[in-house]
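Colleague: One structure is given below, represented as structure tokens, and several questions about it will come after.
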Amino acid sequence: MSEWNVKLIEKIERTKDTKSFRFERPENFTYLPGQFTTFYIPKEGNGELFHHFSFSSSPTEPFIEFTTRIRESEYKQRLDQLSLGTTIRISTILGKFSLTKKINKVVFICAGIGITAARSNIKWVIDTQTNIDIILLYGNRDLNNIAFKNELEAIKQNNFKLFHILSHPTEDWKGWKGRINEHFILYSVPDWEERRWFISGPPAMVDMVEKILTEDICVPMEIIREEFYIGY
């Protein structure tokens, strides 16, 4: 089992309850966009706490980063308390939620913190100037809960289209309302038959979107990849 010790160098507030934790990248450390690893942090007193996180950073960036909601769990509270300069341990890079240069068109469907693996992939495509046409369908509660909002809006271009849907928007919101549904998907992805599909978010959301794609829209299961975010 491969292991690395990494130093916490920055904490970045993405929304009112979501933070990115950025670490020094070890020399010769490699991973694919959208993969995940286990982060072990020191427990108060003795021992360690651990949690699996997808990288929100891209392999093209000089640091490694994950992003999570700060909850009441022991791990999340201890994580939020870590001082810059703290060294933690990571191990075993896993996951197949990764784009390759063989893919021409793709749709990412994400809810909440499920955006992290998609952001890793999108940043990789932009930085490597890989010719992949991307549509991102991004569901959140309201505008204040959209992690990476400004960054994603800034990189919208011909080969990257972004559609938001909010379940509890303010009255002045003019965009899509509710939860991710068949009508929203078909409107946003008119060429759906030409694309591969990547779904990430809470298990209930991933299962719901899979059902819509396979049963209502008739997308073949073999061109769908999924990442279930548990305990985020």
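Throughout, read-outs are computed from the coordinates displayed, never taken from laboratory work. Note that this is a predicted model, so its numbers are computed, not measured. Glycine gets a Cβ as well: all are built from the backbone with ideal geometry, and neighbour counts include every protein chain shown.
Colleague: Please give, to one decimal in nm, the separation of the simple spin-label points placed at Lys177 and Glu215, each 7 Å out from Cα toward the Cβ.
Modeller: Taking the simple label geometry, Lys177 and Glu215 are separated by 2.7 nm.
Colleague: Quick check: convex hull of the Cα atoms in segment 3-94, volume per residue, rounded to a whole Å³? Walk me through the intermediate numbers first.
Modeller: Working: hull volume 8.6 nm³, N = 92.
Enclosed volume per residue, from the Cα hull, is 93 Å³.
Colleague: Same structure, new question: For the chain, what relative contact order do you get, as a whole percent, if you take Cα pairs closer than 8 Å and at least 6 residues apart?
Modeller: Relative contact order comes out at 19 percent.
Colleague: If I take every Cα pair under 8 Å that is 6 or more residues apart in segment 105-228, average their sequence separation and divide by the length, what percent do I get for the relative contact order?
Modeller: Relative contact order of segment 105-228: 29 percent.
Colleague: A further question follows. Take Lys105 and Arg89, extend 7 Å from each Cα along the Cα→Cβ direction, and tell me the distance between the two endpoints in nm.
Modeller: 4.7
Colleague: Right, something else. Output the antiparallel fraction of DSSP beta bridges having both residues in segment 105-228, as a percent to the nearest 5.
Modeller: Of all bridge pairs located within segment 105-228, approximately 5 percent are antiparallel.
Colleague: While we're on this one: Taking the square root of 5 times each eigenvalue of the Cα gyration tensor, what semi-axes in Å does the equivalent ellipsoid of the chain have, largest first?
Modeller: Those come to 30, 20, 16 Å.
Colleague: Next question, about the same structure. Count the lysine pairs in segment 90-232 whose Cα atoms lie under 24 Å apart, taking only pairs 8 or more positions apart in sequence or on different chains.
Modeller: 27
Colleague: Further question on the same structure: To the nearest 20 debye, what charge dipole does the chain have about its Cα centre, counting +1 at the Cβ of each Lys and Arg and -1 at the Cβ of each Asp and Glu?
Modeller: Charge dipole, the chain, about its Cα centre: 300 debye, nearest 20.
Colleague: Rounded to the nearest 0.05, what FRET efficiency do Asp127 and Asn46 give with R0 = 45 Å and r taken as the Cβ-Cβ distance? Could you check? List each step's numbers first, then the result.
Modeller: Details: r = 41 Å, r/R0 = 0.91.
FRET efficiency, Asp127 to Asn46: 0.65.
Colleague: Okay, moving on. What is the packing order of peptides 109-121, 169-181, taking the mean over residues of other C-beta atoms within 10 Å and listing the highest first? Working shown, then result.
Modeller: Working: 109-121: 27.2, 169-181: 12.6.
In descending order of packing, they fall as 109-121, 169-181.
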